[in-house]
Amino acid sequence: MADDAGDFSRSMGIATSGLRAQAGRMRVISENIANADSTAQKPGGDPYRRKVPTFTSALDRSLDARTVALGRVKPDTSAFRLKYEPTNPAADPAGNVKYPNVNSMIEMTDMRSAQRSYEANLNVISATRRMIQRTLDILKA
Amino acid sequence: MAINDLPMLAALRTKMQWHQERQKVLAENVSNSDTPGFQPRDLVAPKFNSAGQLTASSAGGALPMMMTSASHMKAPGGTVSFAEDRRAGFQTRPAGNAVNLEDQMMKVSANQMDYAAATSLYSRSLGLLKTAIGKR
């Protein structure tokens, strides 16, 4: 892609890496939301732990640009929610059940943010496409 | 004299290359809008003198390769490199990311509009040349 006409496709490639990263973030968020109420299998065990996506910026040699990629998905180390539910099969001897440290409010705002970033990258792609179209229009003149 | 060496066409071509390069830089900023510690970048707009040539202040930092003989090979990639605009953004988030998405979106659309203007001017100039050689 080092030729002259390849510069726009490089912009497209960078924006595509952004789309891919945000889609991966969305996957992690949906995993968190889906598991918001899952408890442990055995009494007193640990439930689902919230996952946090990270982003890393890497130099893509073929594009000669800093693209973005989804880094390691790290566990959220904050404390679990405790609920007193003696009848729950996952309850410990004291009758407490551990629930995942997922706060659906935080997940929702995160999801919105992922959506906005995704749209911004799409916007860049459509702007670049319009620019390519303008270049081709020179040929028609 | 090749058709691309006409001063007006050469200047427009340089401007279009600048827009192309800037689109790449802006795409980088937008795609890294959630990367911790990322600083957005931009390019300085090119300035032309009355002869349609790029003035020294707007050329890039790297020294260009000189062709002193016809048998020399051209430098690969674009013929011009553009200077980087080093003004930082006005807000930085706690993670160290300074990309302002609204700002970047405005820049992308402005870039696209200016590119459209440059390409229109280019095709108009070509039309002018066609008229000059008597083609209707």
Solvent-free Debye scattering, log10 I(q)/I(0), computed from the Cα coordinates of the range B:92-136 at q = 0.15, 0.20, 0.26 Å⁻¹: -0.57, -0.72, -0.86
In peptide A:19-30, what is the residue-averaged number of other protein chain Cβ atoms found within 10 Å of each Cβ? 1
Looking at the protein assembly as shown from every direction and averaging, what is the projected area of its Cα convex hull in nm²? 19.6
Compute the angle between helix A:104-140 and the longest alpha-carbon principal axis of chain A, please, reported from 0 to 90 degrees and rounded to the nearest 10. 10
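Can you give the convex hull volume per residue for the Cα atoms of the range A:37-96, as a whole number of Å³?
Per-residue hull volume (Cα only) is 93 Å³.
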The range A:72-141 - Rg over Rh from alpha carbon coordinates, Kirkwood radius: 1.46
Counting residues in the range A:1-76 as N, plug N into 2.2 N^0.38 Å and put the Cα Rg over that result. 1.59
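Hey, which of these cross-link pairs are over 20 Å Cα-Cα: A:K140/B:K24; B:K15/B:K130; A:K140/B:K47; A:K140/B:K135; A:K42/A:K83; A:K140/B:K107?
Pairs exceeding 20 Å: A:K140/B:K24; B:K15/B:K130; A:K140/B:K47; A:K140/B:K107.
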If you keep only loop residues by DSSP, which trypsin sites (Lys or Arg not before Pro) in the range A:25-63 have at most 10 other Cβ atoms within 10 Å of their Cβ? A:R61
Once you wrap a convex hull around the alpha carbon atoms of chain A, what is its projected area averaged over all directions, in nm²? 10.8
Those aspartates and glutamates that a straight Cα-Cα span of less than 16 Å connects to A:K51, excepting residues fewer than 8 apart in one chain: A:E31, A:D37, A:D76, A:E107, A:D110
Arrange A:L63, A:L136, B:L26, A:L82 by Cβ neighbour counts within 10 Å, fewest through most, would you? A:L136, A:L82, A:L63, B:L26
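Determine the dipole magnitude for chain A: charges of +1 sit on the beta-carbon of Lys and Arg, -1 on that of Asp and Glu, nothing else is charged, the reference point is the Cα centre, and the result goes in debye to the nearest 20.
Dipole magnitude for chain A comes out near 40 debye.
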FRET efficiency estimate (nearest 0.05) - Cβ-Cβ, A:D64 to B:A110, R0 22 angstrom: 0.40
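Here, each number is a calculation from the coordinates, and none is a lab measurement. Note that the structure is predicted; figures quoted are calculated from it, not measured. FYI the Cβ positions are ideal-geometry reconstructions off the backbone, even for glycines, and counts take in every protein chain you see.
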